1. Count charges around ARG53 for me, please; just the other residues with Cβ under 11 Å from its Cβ, Lys/Arg as +1, Asp/Glu as -1.
2. Pairs LYS427/LYS509; LYS543/LYS579; LYS79/LYS130; LYS79/LYS543; LYS75/LYS568; LYS57/LYS568: which exceed 29 Å Cα-Cα?
3. If you add up the charges near GLY410, with Lys and Arg at +1 and Asp and Glu at -1, over every other residue whose beta carbon is less than 13 angstrom from its beta carbon, what do you get?
4. Please arrange THR490, THR556 by how many other C-beta atoms lie within 10 Å of their C-beta, fewest to most.
5. Could you list HIS584, HIS540 so that the one with the fewest beta carbons within 10 Å of its beta carbon is first and the one with the most is last?
6. Take THR514, THR78 and order them by how many other Cβ atoms sit within 10 Å, fewest up front.
7. Can you compute the FRET efficiency between VAL346 and ASP580 using 1/(1 + (r/R0)^6), with r the Cβ-Cβ distance and R0 = 35 Å? Round to the nearest 0.05.
8. May I ask you to compute the full-extension gain from SER418 to PHE192, defined as 0.36 nm times their residue separation minus their alpha-carbon distance, rounded to one decimal in nm?
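Only the coordinates and a few stated rules stand behind these numbers; no lab work does. Everything numeric here is computed off the predicted structure, so don't read it as measured data. When we count neighbours, we look across all protein chains shown, and the Cβ atoms used for this are built from the backbone with ideal geometry, even at glycine.
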Amino acid sequence: MTFLMPAQADLFGGSVEDMPPSQDEAFQFAINVINPTTLSAEFTVAPGNYIYRDKIKFEIEAETPVQILPYTSPKSKTKDDEIFGPTEVYLHDINIDLTLNRSQVEQAITFIAHYQGCNEIFNICYPPTKKKLELLLPTYTPSNDTTVTPQPTQPLSEQDRLAQSLAQDNLFTVLLSFFGIGILLAFTPCVFPMIPILSSIIVGEGDHLTTRRAFTLSLVYVLAMSITYTIAGLLTGLLGANIQTMLQNPWVIGGFSILFVVLSLSMFGLYELQLPQRLQDRLHQMSHQQKGGKLAGVALMGLLSGLIVGPCLAPPLAGALIFIGQHGDPILGASALFALSMGMGVPLLAIGTSAGTLLPKAGTWMDSIKAIFGVMMLGLAIWLLERIIPSSVALLLWGSLFVVSAIYLGALNTLTLSSNGTEKLSKGLGIIILIYGALLIIGGASGSQNVWQPLQGLTSGTGISSTGYAQTGLKFTKINNLNDLDQQLTQSNQPVMLELYADWCVECKTMEMTTFKDPAVMSTLANTLTLKLDMTDNNHEHKAFLKQFGIFGPPTILFFGPQGGEYKQHRLVGTMNPKDFNDHLNSIPAIGK
């Protein structure tokens, strides 16, 4: 390996693509003032490059009383370097938090960073680098104890920590970790909607179903879902655009909802009552291919499920995508994604296989079970439509489904003295469901948006705000692009919380209806400017925003200090309950109380 001096760049022949990147392109350095005594040093390492851990040093130019206290560097990876031998290096972006010992007055300092790195593609090393940056430290107001003690390095965000593990751990550890995380993610809204889909396929096998057949069908479905999830994630990491997000448009969602309705009608046996003969025969044949367990049809349903039904963005998925995007290692990244999605598929595999043993094989019981899964498929269609229709309309649809189901259970039937226990239980459940369905219809007609509190719009004195969010929750200022964010950060002297939201993001709505209405959370954020970027349309400005911050879509929450610098280590991906979210807020220097 040779050293590349700045003047030597012109000696390389060939096209621009054949030239090594400049040192500033290979290693970008930035320093942010987090608070009066904390700085965040950020190194952005371009793919194909690495930076030496022991070459990173920081100092404050002389003639100032400000001192950098001892700090802890992030975990590095051992590399067999041709020049220095076994050496600790960073192949990925890193953040280092620095604690300052300083006086109380406002101070201007000259911050100096030393570092050196190499390029693996062109087999060159860059010369040692020294960067000088001018910083203005705000006035420091110490507590009664004026002794400044070293603070531990702020932890990386969960997704960044997982991205680092991909770069540092061995393949077996990575795959095992992501598989285990996938099992945990299986009990989230990402996977729940796939249960009635797979179950309806198993039920559709009829009285010929065996445990072995159920396992085969379940395995094909899970493999198709996992492969699709992996390919979509892989393309997202390489192209910087969320493929699943692109499919969350009204036409795709509406078409998939219609498909579920068609499949549910096949469970009730109503094709001949609803459709013309020619179309009836076509759909009946297609339905039998799906419910009859044809492997190609099962794989197709698994493929569509992975793309349309479960576009959740969780920290493990974001971590793998960050790694792929930064380092361009599709094999390792795809392997981690596949292990993650297979872990998510384990409960599906167990549910589908057990159906071969637990489900009745023939008789009127099978008709009842088919009807139950038919209702579940209709519910799944409404759940998908919630992403593209007003919440009040969704409540009307849910209410209608519950009312019809209640009638089917016998809520309006008359019991006699000879009625057995099953009939009485069915009628009781039917009445409860009928009442709840009626409340949903009333709530939807009155403009309510909460399926768990359908009469909220009638009982609340504040009602619903013009933006569609309950006025009892957090107030968000809407932004549309990077320029809007820059303007808000420049004008505000408060810390800032930015939520990336979309109508098709189920977890975003969960946070909106629960966490963002929690009194403790609202109290903690009382002096924080809360912004919302609605990415429902996923336009070019939204894509530019995602690319600028190296993120892949909602649900994601970013935090910024009063000076505008991002608390990158406190980024959140995915949903979080009110208590954990409030604890997270209190760990952020400018927000926590």
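1. Details: positive: LYS55, LYS57, LYS75, LYS77, LYS79; negative: ASP54, GLU88.
Spelling it out: positives minus negatives among the neighbours equals +3.
2. LYS427/LYS509; LYS543/LYS579; LYS79/LYS543
3. So the environment of GLY410 carries a net charge of +1.
4. Ascending Cβ contact count within 10 Å gives the list THR490, THR556.
5. Result, fewest neighbours first: HIS540, HIS584.
6. Listed from fewest to most nearby Cβ atoms, that is THR78, THR514.
7. 0.90
8. On the way: separation 226, 0.36 × 226 = 81.36 nm, distance 3.99 nm.
Extra length available between SER418 and PHE192 comes to 77.4 nm.
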